[in-house]
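These notes concern the structure reproduced below.
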Amino acid sequence: MQRINSEDFLREYRNGRREFREVDLSQIDLFEVDLQDIDLSGSDLSEAYLPYVNLSRANLHNTNLQDAELSHARLQLANLKEANLQGAKLLRADLAHCQLERADLSKANLQSADLRNADLKQANLAGTDLGNANLEGAKLTKTNLSQCNLFRAQSVDFSQALVDNSTIFPNGHRGRDDR
């Protein structure tokens, strides 16, 4: 995996390059940068500082975003299939219409995130904070919501999700029978 520094990365993006597959951008600082339509599939962005970044329509398939700071990021229509987002901070992030199938979002912070119509099938959200998140139309088939905080989350359909007695439901109660 090739390491690329932020100056070279941004210069190449400004010059029209959109394909950056399998590059090492770990711990990179890209505050408020516009990276629409970029292909970072298979790349390492672990511990990256990306608040307010625009990654709309980005290909982040199988990308490592573990412990990344993505608060207020725009990720509408992004492909995050099989991405590692363990411990990522996504407060108020816009993930509407994202593809998050089989992504690992365990212990991530998604408070007040917009997940409308996101595809979270078979994703791991164990221990994730989804307080006040909008999950209207989100696909949660076989999604692991154990130990998840969903307090005041909106429009959640649990019918096909995996929950346990430690899941906190939108009404603040624990356990499947307290919905």
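Rule-based calculations on the coordinates, nothing more; no lab input. In this text, all values refer to a predicted model and were calculated from it rather than measured experimentally. For neighbour counting, all protein chains shown are included, and Cβ atoms are generated from backbone atoms with ideal geometry for every residue, glycine included.
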* Asked: Is one or more of the residues making up the stretch 57-80 more than 27 Å from GLY127 (Cβ to Cβ) and surrounded by fewer than 22 Cβ atoms within 10 Å (Cβ to Cβ)?
  -> yes
* Matching residues in the stretch 121-140 - criterion: being touching a Leu at 6+ places or on another chain (Cβ under 8 Å) and more than 11 Å from VAL156 (Cα to Cα) -> LYS121, ALA123, ASN124, LEU125, ALA126, THR128, ASP129, GLY131
* Asked: Would you pick out the residues in the stretch 157-170 that are of a type outside the set (Val, Ile, Thr), over 17 Å from GLN111 (Cβ atoms) and in a loop (DSSP other than H, G, I, E, B)?
  -> ASP157, PHE158, SER159, GLN160, ALA161, ASP164, ASN165, SER166
* To do: For the stretch 58-70, enumerate the residues that are under 24 Å from ASN144 (Cβ atoms) and assigned to a loop (DSSP other than H, G, I, E, B).
  => LEU60, HIS61, ASN62, THR63, LEU65, GLN66, ASP67, ALA68, LEU70
* Does GLY137 fit the bill of being of a type in the set (Gly, Ala, Ser), under 19 Å from SER71 (Cα atoms), in a loop (DSSP other than H, G, I, E, B) and out of contact with any Cys (no Cβ under 8 Å at 6 or more places or on another chain)? -> no
* What number goes with the only condition from (1) within 26 Å of ASN134 (Cα to Cα); (2) out of contact with any His (no Cβ under 7 Å at 6 or more places or on another chain) that PRO51 does not pass? -> (2)
* Scan the stretch 151-179 residue by residue and report those that are touching a strand residue (DSSP E or B) at 6+ places or on another chain (Cβ under 6 Å), under 21 Å from ASP94 (Cβ atoms) and hydrophobic (A, V, I, L, M, F, W, C). => PHE151
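So that you can scan it fast, the table gives a plain yes or no per residue for (1) part of a loop (DSSP other than H, G, I, E, B); (2) in contact (Cβ under 8 Å) with a residue 24 or more places away in the chain; (3) within 21 Å of THR143 (Cβ to Cβ):
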| residue | (1), (2), (3) |
| --- | --- |
| TYR13 | no, yes, no |
| GLU32 | yes, no, no |
| ASP37 | yes, no, no |
| GLU47 | yes, no, no |
| SER56 | yes, no, no |
| HIS72 | yes, no, no |
| GLN76 | yes, no, yes |
| GLN86 | yes, no, yes |
* Asked: Would you pick out the residues in the stretch 15-30 that are surrounded by 13 or more Cβ atoms within 10 Å (Cβ to Cβ) and either free of Cβ contacts under 8 Å to residues at least 24 places away in the same chain or among the small types (Gly, Ala, Ser) (or both)?
  -> ARG18, PHE20, ARG21, GLU22, VAL23, ASP24, LEU25, SER26, GLN27, ILE28
